[in-house]
Amino acid sequence: MFNCHINVEVCSSIKAVKYLYKYIYKGHDRASFRIDQPDADGNIDEIKKYVDARWVTPPEAMWRIFGFPLCANDPPKASKSMLTEYFKANQNHPWARNILYKDFPGRFTWQKGKKYWKERVERYQIGRIVSANPSEGERYYLCVLLNHVAGKTSYEDLLTVDGRLCGSFREAAERLGLIEADNTLDDCLTEAEQWAMPCSLRRLFATILVHCEPGDVRGLWDRHFEPMSDDYRRSHTCRIEVEQMVLLDIRGMLQSMGKDIADFSLPCIDDAFDPTEGEAREVIEESNVDFDINDTKLASSLNLEQRVAYNEILASVERGDGGVFFVDGPGGTGKTFLYRALLAKVRSKGNIAIATATSGVAASIMPGGRTAQSRFKIPLSCDDGASCTFTKQRLIMTPGFRITC
Ligand SMILES: Nc1ncnc2c1ncn2[C@@H]1O[C@H](COP(=O)(O)OP(=O)(O)OP(=O)(O)O)[C@@H](O)[C@H]1O
């Protein structure tokens, strides 16, 4: 009766909801460009431009590629936050100006409804200030400033050092000599130790090594080893073994950030403790991707066109001669169906098949899918010197098959 392809979706899992969401919001493929002058007042209708020439990709990636902010609070004090109200409290209460932001909850209580700091009259209480990771850039330097400088009455005041207005929180922290020493990195780890799990601490430690160039790496390691190894010490009593486990974990994290642990003055890794036998973390992750046994049966129900593509791609994988295939077709015509069949076939043979896409939503509909940026360490800012931090060591072990949506 219906001599056509009918796409029927059953909302039986969250993936189906994501799929429908993608359908509603992706719109049809189009590109619209117009070069015109701003209007008489110098205004450009950026919202209209965004709607007319929409490119569905992670918004932050586009934000970085084009290098302009998609939204901003200007001036930043337009909305009331705990920080802006801290500035106001400093203006109104001169006696509070020697209290650091992190100690403020000890003397004031935050009034959620009316959004202001009220002088504390009740019993002593412990409050916690949001912490920041060094890889967060300006947010981190703002925290560093707030942890060391009291009595500021505005953002401008916080950015002013020796009467000079600095262009960034980092510059202000540098001029105050707050980030030359490793103290701030020590403080950052010590603060995180109060609430973070050991695994998060190890990630933070690796992030500090990569982004903050600490002068005394070994000192940082010695001072924070205990909390970083808390989980391993529960199950292992031998200190050397625990130390090796922590080092191996940090090595994997550094590898995924494109760095080699040997570049840092940390204790040496004894390969006898390495269960991965030096295998790259990405290879282990991809090897461990499970395949759905039902997907291996999809091959038997491919239609004619899908089967042609399936056979040709698989033959190329088996011959190992490499190749690039472009699978195209209107929405709902079975491209993902074909990918699932291929991924299951390659993975069921114990080989690695990497499924990547340019957006998280597209990646989520493929088994074991990841964004290409995440898997291949593609930088979000594409300037002249940009390159992937995916190392040669990992490329040697690259899979026989890769799908990119
Ligand atoms: N050979 C087939 N046999 C049975 N069902 C199929 C076949 N090919 C595709 N389908 C079904 O058709 C629907 C749409 O297929 P699929 O999601 O693979 O399309 P698509 O081309 O990837 O769509 P989009 O471009 O929107 O992502 C799915 O429910 C899928 O299970």
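So, counting K/R as plus one and D/E as minus one, what does the shell of residues with Cβ under 12 Å around N98 add up to?
+2
Size of the dipole of the range 195-278 about the Cα centre, Lys and Arg at +1 and Asp and Glu at -1 on the beta carbon, nothing else charged, in debye to 20?
Dipole size: approximately 300 debye.
Skip the ligands, DNA and RNA, and give the accessible area per residue of the range 258-338 with a 1.4 Å probe, whole Å².
65 Å²
Rounded, prolate or oblate: which fits the range 281-376, taking a ≥ b ≥ c as square roots of the Cα gyration tensor eigenvalues, rounded meaning a/c under 1.5, else prolate when a/b beats b/c?
Since a/c stays below 1.5, the shape of the range 281-376 is classed as rounded.
What is the distance in Å between the Cα centres of the range 162-235 and the range 257-332?
The two parts, judged by their Cα centres, are 35 Å apart.
Would you grab the residues whose amide H sits under 5 Å from the one on T371? Only those 5+ places off in sequence or on another chain, please, with H modelled 1.01 Å from N.
When sequence neighbours closer than 5 places are left aside, the close amide H contacts are A357.
Once R0 is set to 60 Å, what does the formula 1/(1 + (r/R0)^6) return for the Cβ-Cβ distance between D260 and W110, expressed as a FRET efficiency to the nearest 0.05?
Computed FRET efficiency for D260 and W110 comes out at 0.85.
For the range 76-175, with the dipole built from +1 on Lys and Arg beta-carbon atoms and -1 on Asp and Glu ones, taken about the Cα centre, which of M82, V149, L159 lies farthest toward the positive end?
Of the listed residues, the answer is M82.
Just to confirm, what accessible area per residue do you get for the range 76-175 at 1.4 Å probe, in whole Å²?
On a per-residue basis, the range 76-175 sits at 60 Å².
With +1 on each Lys and Arg Cβ and -1 on each Asp and Glu Cβ, and nothing else charged, work out how big the dipole of the range 76-175 is about its Cα centre, in Debye to the nearest 20.
Value, rounded to 20: 500 debye.
Could you compute the FRET efficiency for D271 and N3, with r as their C-beta to C-beta distance and R0 at 45 Å, rounded to 0.05?
Efficiency at R0 = 45 Å is approximately 0.10.
The values are calculated or read from the model by the stated rules, or taken from the named source; none is laboratory data. Treat the numbers as computed from the prediction; the structure is a model and nothing was measured. For neighbour counting, all protein chains shown are included, and Cβ atoms are generated from backbone atoms with ideal geometry for every residue, glycine included. Just the protein is used for accessible areas: all its heavy atoms, side chains included, with ligands, DNA and RNA removed. Shrake-Rupley method; radii C 1.70, N 1.55, O 1.52, S 1.80 Å.
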